[in-house]
Amino acid sequence: MTNDRNNNEFRSLPSVERLMQEPELGGLAGAYSHAAVVSLARQQLEAAREAIRGGGQAPEPGQIAAVILARAEEGWAPWPRPLVNATGVVIHTNLGRAPLSDAAMAAVQAAAGGYSDLEFDIQMGVRGSRQSHISTLVADVTGAEDGLAVNNNASALLLGLSAVAGPGAPGGVREVIVSRGEGVEIGGGFRIPDVLLQSGAALIEVGTTNRTYVSDYAAAITENTAAILKVHPSNFRVTGFTHEASLDELVQLGRERGVPVLNDLGSGCLLDTAQYGLAPEPTVQQSVESGAELSFFSGDKLIGGPQAGIVAGKSEWVGRLGRHPLARAVRIDKMGLAALSATLTSYLKETAHLEVPVWRMIAMPLDVIGKRAEAWLQAVGSPALRLRAGESTVGGGSLPGETLPTTLLAVRPPGSTDAFAKRLRAATTPVIARIEDDEVVLDPRTVAEGESDLVIQALKDALRVS
Ligand SMILES: *Cc1c(COP(=O)(O)O)cnc(C)c1O
């Protein structure tokens, strides 16, 4: 019986050819590859057969076509979709981290669509290195002898540890000393001990979770020690009975014992955070100045540039990284180099706080934020809205626990806060807000000047259907 029933249902399913005659699919096949649309049609027919086997009914051709259309619209529409970050988290890892400066965007545009001297020496007419320009910039900005840029900081660290303490390391020594308080997980499953393992280095942990002294490192140095690694605990803070060996102490120890010191700064700050009311974040310049052989940092956290891993340090050691076979595997692309070059130039010109969006947002005065929030309030004009004091965060694994005072536009929606936040996300340009104390809150700090109209419209629309 079931089989008879199933056979009937199977027979009432359209063929691929019949399905492709549905008007939606004709339009789809006109705009995209015919083969790709047919492939989606086959997948959906197979899904329908599976459903029939499970006791379901055959869907109508129109229903299947609608599913195919939705699937194509979701998968084939332009991506990533721009959105408005009203969360007040300046470096939001889920929302693409650092937005680029105008100069960086222009540099990408110029480099992306045509040919360039990426690996070409224009004067000599011979092959050049994609690193030479960026090395000079990194050195000039940080005060280091030499620099290198790769795909991201995770790969910079993997490359650095592989070149300094991996198979084939100088002298065959492989041990890397790390404080137990710094064997951290950065996020997305990226753990310092795992990266060390992957590089082929041997991890020697010293000290305890809360207290590690320079003497702990000193006691662990043997003839097998390849390096001391210091890691910025980017996303958490240990308070109370704590102690860490300073970079200066470690560099001095390294000098005395002939061991290079590698410093993973994570965020890689080039400006003084204290002038914006934040805790002092260790800067790259300080790390270089202290004499660490190699300093590692991200391009798209507090540098405010493209995804990149930047290494600044002593020529001898940077050179070793550049020559390692992994360097090719983790190399940075031309768009990243173009954006990074423009971003670093802003620091050389001392205009980063005016040009680099991450710093513009951090530096945004409270009264400016308040005025923008007030303007949104007036423009939307609903009793469900009010202004209130709140806090923005820097995010992106920098300055954990640190906040900047801000003014929030708070919505107490008629329905649930989740439903309201979802409606804001459903805007043509999605608006991402935060939920705090039963209110949906929007922070002007992370909303670009030109995006205010999008926020106002999204609020109006979301309130209208509430
Ligand atoms: C963020 C971070 C990394 C990874 O950097 P990516 O550029 O995201 O690859 C490595 N180390 C530390 C300490 C970090 O904070």
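The values are calculated or read from the model by the stated rules, or taken from the named source; none is laboratory data. All figures in this text were calculated on a predicted structure; none of them were measured in a lab. All Cβ positions, even for glycine, are placed from backbone atoms using ideal geometry, and neighbour counts span all protein chains on display. Side chains are part of the model used for accessible areas, which takes the heavy atoms of the whole protein and leaves out ligands, DNA and RNA. Shrake-Rupley method; radii C 1.70, N 1.55, O 1.52, S 1.80 Å.
In table form, for the structure just shown:
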item	result
Condition check for residue 14: surrounded by fewer than 14 Cβ atoms within 10 Å (Cβ to Cβ) and assigned to a loop (DSSP other than H, G, I, E, B)	no
Filter pass, residue 54 being out of contact with any helix residue (DSSP H, G or I) (no Cβ under 9 Å at 6 or more places or on another chain), exposed (fewer than 13 other Cβ atoms within 10 Å of the Cβ) and closer than 29 Å to residue 78 by Cα	no
Check on residue 98, closer than 30 Å to residue 433 by Cα and surrounded by 10 or more Cβ atoms within 10 Å (Cβ to Cβ)	yes
Residue satisfying condition, being within 16 Å of the ligand (Cβ to nearest atom) and modelled with pLDDT of 95 or more, within set 231, 195	231
Checking residue 146 against (1) within 15 Å of the ligand (Cβ to nearest atom); (2) touching a residue at least 60 places away in the same chain (Cβ under 8 Å); (3) in contact with a strand residue (DSSP E or B) (Cβ under 9 Å, 6 or more places away or on another chain), the condition it does not meet	(1)
Residue ID - nearest to the ligand (Cβ to nearest atom), chosen from residues in the range 367-404 that are without any contact (Cβ under 8 Å) to a residue 40 or more places away in the chain and touching an Asp or Glu at 6+ places or on another chain (Cβ under 7 Å)	403
Count of the range 299-313 residues which are near the ligand (Cβ under 9 Å from one of its atoms) and either touching a Ser or Thr at 6+ places or on another chain (Cβ under 6 Å) or more than 21 Å from residue 151 (Cβ to Cβ) (or both)	2
Selection within the range 131-149 - over 23 Å from residue 286 (Cα atoms) and either touching a Pro at 6+ places or on another chain (Cβ under 7 Å) or open to solvent by less than 40 Å² (accessible area, probe 1.4 Å) (or both)	131
Helices (runs of 4 or more DSSP H) contained in the range 240-330 and holding at least 1 residues in contact with an Asp or Glu (Cβ under 7 Å, 6 or more places away or on another chain) and crowded, with 22+ Cβ neighbours inside 10 Å	315-323
Hits in the range 150-177 (condition: crowded, with 21+ Cβ neighbours inside 10 Å, of a type in the set (A, V, I, L, M) and within 12 Å of the ligand (Cβ to nearest atom))	150, 156, 157, 158, 159, 161
Failed condition for residue 131, given (1) touching a residue at least 60 places away in the same chain (Cβ under 8 Å); (2) of a type in the set (S, T, N, Q); (3) more than 17 Å from residue 342 (Cα to Cα)	(3)
Candidates 189, 207, filtered to the one that is open to solvent by 10 Å² or more (accessible area, probe 1.4 Å) and in contact with a Lys or Arg (Cβ under 8 Å, 6 or more places away or on another chain)	207
The range 191-208: number of residues that are part of a loop (DSSP other than H, G, I, E, B) and in contact (Cβ under 8 Å) with a residue 40 or more places away in the chain	1
Within the range 57-85, considering residues that are outside any helix (DSSP H, G or I) and among the charged types (D, E, K, R), the one surrounded by the fewest Cβ atoms within 10 Å (Cβ to Cβ)	81
Unique match (being closer than 24 Å to residue 333 by Cα, away from the ligand (no atom under 16 Å from the Cβ) and not acidic (Asp, Glu)) among 109, 57, 44	109
